[in-house]
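A short write-up of the structure that comes next.
The values are calculated or read from the model by the stated rules, or taken from the named source; none is laboratory data. Just so it is clear, the structure is predicted and the values come from calculations on it, not from any experiment. Neighbour counts run over all protein chains shown; Cβ positions are idealised from the backbone, glycine included.
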Amino acid sequence: MNRIRTAAAILVLAAAATPALAEQDRNATNSIFLEGGGPGLAYSLNYERIFENDFGLRVGFSYLSVSGTASAGTSTANGTISMWTVPVLVNYLGVNWGNHSLELGGGATVVGLDGAGSMGAFAASGSGTLVLGTAIFGYRRQPPGGGFQFRIGLEALVGKGLALSDSNRDPDKVGVLPWMYMSLGFSL
C-alpha cells in the first residue's frame, strides 16, 4: 500500500510541476534546419524565428532539377524538369515539456515548375506556379537554451489535383495528400 501512495504522490508532484516546465522561456529564438519531405515537398532548407515563446514563423527554399534522354533506333528524346518551392508556415509550440514540444502549424507552399522536351524536329516547353496549403502535426526536440534540433511528423498538403491514387486525381478538384517530414538542425 505504501508503494501505491508513493507512486501516487510522485505522479501528483509531476503533474503539478508540468505547468512550471511548460512556462520556461526560450533563449534560443532562431533555428536553421534541413528538412526531408514536408512543405518543401522533396527537401528544404529553412529558417524559423520563435516569438512570444510559443509561436514560430518559418520560411524555406528548395530546388530540384531532373533531366533524361531516351533513344530508340535513330530517334532520341530529351527532357528536363525543374521545381522550386518556398514554404511559409506559422507553428505553435505551446504544448511542451522542457526540450520536447508538440508542433502544430499551417501555411502555404509556393511551387514553381518548368519543363522542356524535344524529339527530332519537335520541341515544347512550359512553366507554371501553384500554391498548396499545408498543415503539420508532429514532435519537436528543441532545447529552450539552444542546440541540436530534431523534428518529425505528418503533414497534409491541400491543393488542386492532389489525390492518393491516379484514379481519383482530378486537376480541377481540391484534394488532400498526406506527407511526412523529418528535419535536423540547430537553434541559437
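In the stretch 111-138, the residues that are surrounded by 13 or more Cβ atoms within 10 Å (Cβ to Cβ) reach residues that are not in a strand (DSSP E or B) with C-beta atoms within less than 9 angstrom, at least six apart or across chains, in these pairs: Val111/Leu41; Leu132/Pro39; Leu132/Leu41; Leu132/Leu162; Thr134/Gly38; Thr134/Pro39; Ile136/Gly38; Ile136/Pro39. Taking the stretch 170-188 as the search range and keeping residues that are surrounded by 14 or more Cβ atoms within 10 Å (Cβ to Cβ) and of a type outside the set (A, V, I, L, M), which one is nearest to Phe51 (Cα to Cα)? Within the stretch 170-188, the match that is nearest to Phe51 (Cα to Cα) is Ser187. If a residue has to be exposed (fewer than 13 other Cβ atoms within 10 Å of the Cβ) and under 28 Å from the mean Cα position of the chain (by Cα) to count, how many in the stretch 43-82 make the cut? The number of residues fulfilling the criteria is 6. Inside the stretch 96-107, residues that are in contact (Cβ under 8 Å) with a residue 60 or more places away in the chain and more than 11 Å from the chain's Cα centre (by Cα) make up a count of 3. Selection of the stretch 45-95 for residues being outside any strand (DSSP E or B) and without any contact (Cβ under 8 Å) to a residue 24 or more places away in the chain yields Glu52, Gly73, Thr74. In the stretch 135-166, the residue that is farthest from Leu184 (Cα to Cα) out of those that are outside any strand (DSSP E or B) and either modelled with pLDDT of 95 or more or in contact with a strand residue (DSSP E or B) (Cβ under 8 Å, 6 or more places away or on another chain) (or both) is Gly161.
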